[in-house]
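Read-outs throughout are calculated quantities, based only on the coordinates presented, and are distinct from any laboratory measurement. Just so it is clear, the model here is predicted, and its values are computed rather than measured. Cβ atoms come from the backbone with ideal geometry, glycine included; neighbour counts cover every protein chain shown.
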Amino acid sequence: MKKDAAKMRPSRVLAKMRAGKVATCVKLNLTDPRIAEIAARCGYDCIWLDMEHVPNTLHDVENHIRAAKMHDVDTLVRVKRGNYSNMINPLEMDAAGIMVPHVMNAEDARRVAWYTKFHPIGRRPLDGGNSDGGYCSIPLQQYIKEANEQRFTMIQIEDPEPLDELDEIAQVEGIDILLFGACDFSHGIGTPGDFDNPRIAETRKRVAEVARKYGKFAGIPGTVDNFQELVDMGYQFITVGADVVSLWKSFSSIIVSLSKWTS
């Protein structure tokens, strides 16, 4: 029986957002890929893996990607700020997207696009011999085209510095999603943890407006309680929940329930 031609797995996140829908994501800090499988089975569209703050190895990330792909769920890897290999290694392992933290200006955004998109957008180093290229089973020109169409580059707007060039940043070809990060933004404006600061509300709204103005998608961490508000604001990529938070709440609630016997 003749096999179907090899092709890159389409991005679930991009398909939903391009259809005008909202993509959901959960953040995972822990290294066991079974957690990624559980989250994927629950119905999230995307799993966010972190290499900026969490001591995950590339091997850990690769196993999470495989676990998510079993259930047709995307993975997003927040990379370390470093050389271009930090950006492209997760893509070559077949992550659906990467997140680059602390993009400070338009030139920084252009550099990210240059490293993460193929010709004619950028000059991402070319090697189709990994999982994303089907281990050389996808023809080269097809691989280049599908990678540019089905893999997303997300940059974080989480500092006050890039706001002066936000419109220019949003026009950079090859940047697909602008994600607003309120926590570091509060730090950057000198009021760490004060999420009621009016500058945070203003910037949250502005990032969504500017992204949509230039045909980009807007992303943000949210909660069940403010999910509809963020959707109404124009956000189409919303991350809700984290493995460490869920475990902490579950374990601590159990201990509280047992306290009348154990205290």
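Can you confirm whether region 72-95 contains a residue that is of a type outside the set (Phe, Trp, Tyr), under 20 Å from Gly222 (Cβ atoms), part of a strand (DSSP E or B) and touching a His at 6+ places or on another chain (Cβ under 7 Å)?
Scanning region 72-95, I find at least one residue that is of a type outside the set (Phe, Trp, Tyr), under 20 Å from Gly222 (Cβ atoms), part of a strand (DSSP E or B) and touching a His at 6+ places or on another chain (Cβ under 7 Å), so the answer is yes.
Being touching a residue at least 12 places away in the same chain (Cβ under 8 Å), out of contact with any Lys or Arg (no Cβ under 6 Å at 6 or more places or on another chain) and closer than 30 Å to Asp164 by Cβ is the requirement here; does Val61 meet it?
It is false that Val61 is touching a residue at least 12 places away in the same chain (Cβ under 8 Å), out of contact with any Lys or Arg (no Cβ under 6 Å at 6 or more places or on another chain) and closer than 30 Å to Asp164 by Cβ.
Looking for something under 28 Å from Leu140 (Cβ atoms), in a strand (DSSP E or B) and touching a residue at least 40 places away in the same chain (Cβ under 8 Å) - is there at least one such residue anywhere in region 2-13? Show your work before the answer.
Pass one, region 2-13, residues under 28 Å from Leu140 (Cβ atoms): 2-13.
Right, trim to in a strand (DSSP E or B) and you get none.
No.
Residues are listed down the side, and each one gets a yes or a no for (1) surrounded by 13 or more Cβ atoms within 10 Å (Cβ to Cβ); (2) among the basic types (Lys, Arg); (3) over 24 Å from Arg151 (Cβ atoms):
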site: Thr191; (1), (2), (3): yes, no, yes
site: Pro198; (1), (2), (3): no, no, yes
site: Gly215; (1), (2), (3): no, no, no
site: Gly219; (1), (2), (3): yes, no, no
site: Val224; (1), (2), (3): no, no, yes
site: Val240; (1), (2), (3): yes, no, no
site: Ser250; (1), (2), (3): no, no, yes
site: Ser257; (1), (2), (3): no, no, yes
site: Trp261; (1), (2), (3): no, no, yes
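Can you list the helices (runs of 4 or more DSSP H) lying wholly within region 145-263 that have 2 or more residues being without any contact (Cβ under 8 Å) to a residue 12 or more places away in the chain and over 30 Å from Met8 (Cβ atoms)? Walk me through how you get there before you give the answer.
On the way: elements: 166-170, 182-188, 198-213, 227-233, 243-262.
Qualifying helices (runs of 4 or more DSSP H): 198-213, 227-233, 243-262.
Scan (1) out of contact with any strand residue (DSSP E or B) (no Cβ under 7 Å at 6 or more places or on another chain); (2) farther than 22 Å from Asn29 by Cα for the single condition Asp184 breaks and write down its number.
Answer for Asp184: the failing condition is (2).
Mind listing whichever residues of region 120-147 are under 23 Å from Asn83 (Cβ atoms) and surrounded by 18 or more Cβ atoms within 10 Å (Cβ to Cβ)?
Listed by number, the residues that qualify are Gly122, Arg124, Gly128, Asp132, Gly133, Tyr143, Ile144, Ala147.
Every residue, every condition in (1) in contact with a Lys or Arg (Cβ under 6 Å, 6 or more places away or on another chain); (2) surrounded by 24 or more Cβ atoms within 10 Å (Cβ to Cβ); (3) of a type outside the set (D, E, K, R); (4) without any contact (Cβ under 8 Å) to a residue 40 or more places away in the chain, yes or no:
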| residue | (1), (2), (3), (4) |
| --- | --- |
| Asp50 | yes, no, no, yes |
| Thr57 | no, no, yes, yes |
| Leu76 | no, yes, yes, no |
| Asn89 | no, no, yes, yes |
| Met93 | no, no, yes, yes |
| Ala106 | no, no, yes, no |
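Run Lys21 past the list (1) crowded, with 16+ Cβ neighbours inside 10 Å; (2) outside any helix (DSSP H, G or I); (3) of a type in the set (Lys, Arg) and report the number of the one that doesn't hold.
All conditions pass for Lys21, except number (1).
Please verify whether Gly128 is touching a Phe, Trp or Tyr at 6+ places or on another chain (Cβ under 7 Å) and in contact (Cβ under 8 Å) with a residue 12 or more places away in the chain, treating the condition exactly as stated.
Yes; evaluated as a whole, the condition is true for this residue.
For (1) in a helix (DSSP H, G or I); (2) farther than 24 Å from Asp184 by Cβ; (3) without any contact (Cβ under 8 Å) to a residue 12 or more places away in the chain; (4) over 17 Å from the mean Cα position of the chain (by Cα), each residue gets a yes or a no:
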position: Val103; (1), (2), (3), (4): no, no, no, no
position: Arg110; (1), (2), (3), (4): yes, no, no, yes
position: Arg123; (1), (2), (3), (4): no, yes, yes, yes
position: Ile138; (1), (2), (3), (4): no, yes, no, yes
